[in-house]
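I have placed the structure first, in the form of structure tokens, so that the comments after it can refer back to it.
The values are calculated or read from the model by the stated rules, or taken from the named source; none is laboratory data. This one's a predicted model, so the numbers in the text were calculated from it and none came from an experiment. Each accessible area value is taken on the protein alone, full model and side chains, heavy atoms only, with ligands, DNA and RNA left out. Shrake-Rupley method; radii C 1.70, N 1.55, O 1.52, S 1.80 Å.
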Amino acid sequence: MAGLEGIEQPWGRGRTTAARWSPAVEDEQGLKALETYGNPTEKEVSLPSRPESAAVARRLAQMVVLRQWGLTPRMTEDAVLLVSELVGNAVRHTGALVFHLRMRRLRGRIRIEVRDPSRGLPCLMPVQELDVSGRGLFLVDKLADRWGVDLLPRGKTTWFEMRVADR
């Protein structure tokens, strides 16, 4: 990505990341997240609006997309990144105490939703090469096939969809 050269990415091949990442550890943490918070494919999962909840949401997304739905590692990586971006926006910009995560496998696509009590709309901003923040919706716009915001009587749901091959 432009402007991110030289910055180690979470799924990069750098020595530090590779030494810490382990599929067994990720599965164990993902299973613990499912046990603690519930499965976002069965019901909407409520998470505290704190920065560390982004890690929980990423683990839930990884367990669902890769393990439960059996989709590709690349699709999983993209979905996990986009979940992190939507959760980051909900935590940073809404002032909410909790947000909610829902994941659905629909015909030919997956849909992931983050609901929060704010009616403030997210804004897709132009991104410059040297920007260090504000890239979240830019990434969602580039990686998702569709995304949007549904206003609710009390809050909003920000969502994205990605096409998948039906089994």
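Quick notes on this one:
- If you sort Trp147, Trp69 by accessible surface, 1.4 Å probe, largest first, the order is Trp147, Trp69.
- Rolling a 1.4 Å probe over the protein chains gives Arg115 an accessible area of about 70 Å².
- Estimated at 0.36 nm per residue, the fully extended path between Thr72 and Phe138 surpasses their Cα-Cα distance by 21.5 nm.
- Of Thr41, Thr72, the residue with the largest accessible area leads and the full order is Thr72, Thr41 (1.4 Å probe).
- Interchain or long-range residues, amide H under 5 Å from Met125's placed H: Phe138
- Under 18 Å from Lys156, Cα to Cα: lysines that are on another chain or at least 8 residues apart: Lys43
- Solvent exposure, largest accessible area first (probe 1.4 Å, DNA, RNA and ligands not counted), of Phe138, Phe160: Phe138, Phe160
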